[in-house]
Structure formats: structure tokens, C-alpha cells
Amino acid sequence: MANYDVNSMYEAAIKLAKSVDLKGLEADEAAKYLNAVAYGAKDFGKDFKELLENGLSAAVSETGLNCAKTGDVENFLAGNAVYMAASLTGEEKYTDLACAIAKTLDEVKKSDKGYFLNSHGKECLCVTFKAFSFYMNYETKNGGKERYNDIIAQYKAIFSNMLGDTVLDLKNGTEKKLKPLVYFAAALVDTLELMDQALYEIWAKLREFYKETIKAILNSARFTLGKNKEYDLIFAYAIFKGCRMNLIHTEKYECEAASLFDLVNEDLESLMDASANVKSAYILAATESIKNREYQDYGRLKGGVLWS
């Protein structure tokens, strides 16, 4: 198993996190940054928790991000950070804020096929990363799981209508198509982590989508991976996390993530001048790099829980 030193990963991640000026970010960047810092607070603790609470205080209100419109999908990724703050602090105000943001889910525009559109009213696989893990988070924690069926229905429609064409475009040399694919993979693994594992039929379908997406990217992007740090890091994150959760075989896939992550770490100092999205992607990959991805005998001894 690829091993990464916790202290080294923390130092690199916190340095990048502190270099981001949240006030100057667009909604997409702010949402991704707060989401990444939330995972940093969970897995590294220390200064990340302070960054998270200060960031939420400055950037998020009852409808979501201050720099976004009500119903914009970026609000919901920021909502995940609010839920993380609730978990880490135990303060009810964060749960109340997350529930308030969830009320605006009904204001998101949908396509004629029934799935969320981005803040520009267009179809994009990236919408899943921005909205679906929060949607699942809310339904699991506070929504009574009443709209689990809507989440899986949207995923099915998106997978059916967009994945194939996006993969084909990537195979044909459209390198920018790698972005929606890696964020779709990350969305799936994040959603799986947050759902009630007892609802196996839904869980199994999402896992199937995740595995097929990972394979499609590896089969279609051999000459594209390694060229864009943001995409490489998000893909590494999605694979590291999938290995930890036993969704894919660590022995087969971890090396793919490790090679991309190692490539970025070889020139870590250059990330100080990178975009906020690249820095956020690094933080996410760093949080998963330090976790145990060895094969584990999940099941009875852990009360049926598939991962920890």
C-alpha cells in the first residue's frame, strides 16, 4: 500500500489552505474550498477546524454562499462543509443552517429529464459533485430518506444521458472532458460515503456507476492524465477513497492514484501559485492519502458497516 506521512501531508495541505483568500473567490471556487477545508478539519484537525468555522462565518448564510444565488448548485457543496462543522463542533446552529440550505433544493432548475442543471442552466456531470453529496447528506441526517429515490433517479438519468458522450469526446482528444468525468467519480464516492448502507439496492447501483466511471476514465484518458493538476488530484482523491471504502480493489487501482499524487508532490511548491481549485483538490487528495486502504474483512465484526 502507498504510504504517506501524516505530518508531511498536513503541513503541505494547511500551507495551501492558508494561502487562499476566500473573499476573492467565485462561487464555484468558494464552494470547493470550503468543502476541502471541511475534510481537512475532519482528518487533520488542528488549524483546519478554525479555517472552516471562520470561512463559514464569512461566506455562508441561510440560503448558501453569499456570492451565489439561491438555488445555485454551488450552495449545496458549501452545505456539506456546514454539516461537517456540525459534526466536529456539536453545535446545533450548523445543523439548523444545513437544513435551511436544504430548503432551497427545490429551487434548483432541472432538465426535461429531471436532473439538476448548473447555475448557468446547462447540463453538466459536474453538477453531481456540487449538489448530490449534500442532497444525500441532508436526506440521511434530517430528511428522513424520503428523496433517496430522486437522488438515484437523477444519477441514473445523468449516467445514461451524459457519461457515454463525454467519454467518447475524451477518447477523441477533447481533453477538457476529463474535468466533468473526474468530478462525477468524486461525486459518486462522496455520495456513497454519506448514504444509509442498509438501502443496498441504491448503494449497489451507485457503486456500479462509480466503478464504470473509474474504468472509463482510465481507458480513455491515458494521454490526458498527468497534464492538469486539478483533474489529476480529484481523480486521485476519488480512487483513494474508493479503495478505502472497498468499492474497488486497492491492489489494482491504488497505484493509479498514487502515481498522479506523487507527480504533483514532486513539484509541490508550484502549487502556491496555482488556482484555488487546484489547492482544494490537493487538500482532498491529501486527506485520503493518509488513510488505510488495505483490504479489510468488512461485515459482521463491524456491525455490517462497510467502511470506517
| field | One residue from Ile158, Ile151, Ile214, Ile202 being touching a Gly at 6+ places or on another chain (Cβ under 8 Å), under 28 Å from Ala285 (Cα atoms) and part of a helix (DSSP H, G or I) | value | Ile214
| query | Which one is farthest from Phe132 (Cα to Cα) among residues in segment 172-227 that are of a type in the set (Val, Ile, Thr) and in contact (Cβ under 8 Å) with a residue 12 or more places away in the chain? | reply | Thr224
| Members of segment 163-212 that are β-branched (Val, Ile, Thr) and touching a Leu at 6+ places or on another chain (Cβ under 8 Å) | Thr166, Val167, Val189, Thr191
| Members of segment 4-30 found to be touching a Ser or Thr at 6+ places or on another chain (Cβ under 9 Å) and either under 21 Å from Phe240 (Cα atoms) or in a helix (DSSP H, G or I) (or both), listed by number | Tyr4, Met9, Ala13, Leu16, Ala17, Ala27, Asp28, Glu29
| task | Go through segment 137-150 and give me each residue that's in contact with a Leu (Cβ under 9 Å, 6 or more places away or on another chain) and closer than 19 Å to Cys124 by Cα. | result | none
| remark: The number of residues in segment 66-96 that are outside any loop (DSSP other than H, G, I, E, B), in contact (Cβ under 8 Å) with a residue 40 or more places away in the chain and either buried (at least 17 other Cβ atoms within 10 Å of the Cβ) or touching a Cys at 6+ places or on another chain (Cβ under 8 Å) (or both) is 13
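Which is surrounded by 19 or more Cβ atoms within 10 Å (Cβ to Cβ), under 26 Å from Asn142 (Cα atoms) and of a type in the set (D, E, K, R), of Lys177, Lys229, Lys241, Lys205?
Values: Lys177 fails: under 26 Å from Asn142 (Cα atoms); Lys229 fails: under 26 Å from Asn142 (Cα atoms); Lys205 fails: surrounded by 19 or more Cβ atoms within 10 Å (Cβ to Cβ).
Going through Lys177, Lys229, Lys241, Lys205 in turn, the sole match is Lys241.
Each reported figure results from applying straightforward, stated rules to the coordinates on display, with no laboratory input. Remember, it's a predicted structure, so these values are computed and weren't measured experimentally. Every residue, glycine among them, receives a Cβ derived from its backbone with ideal geometry; neighbour counts consider all protein chains shown.
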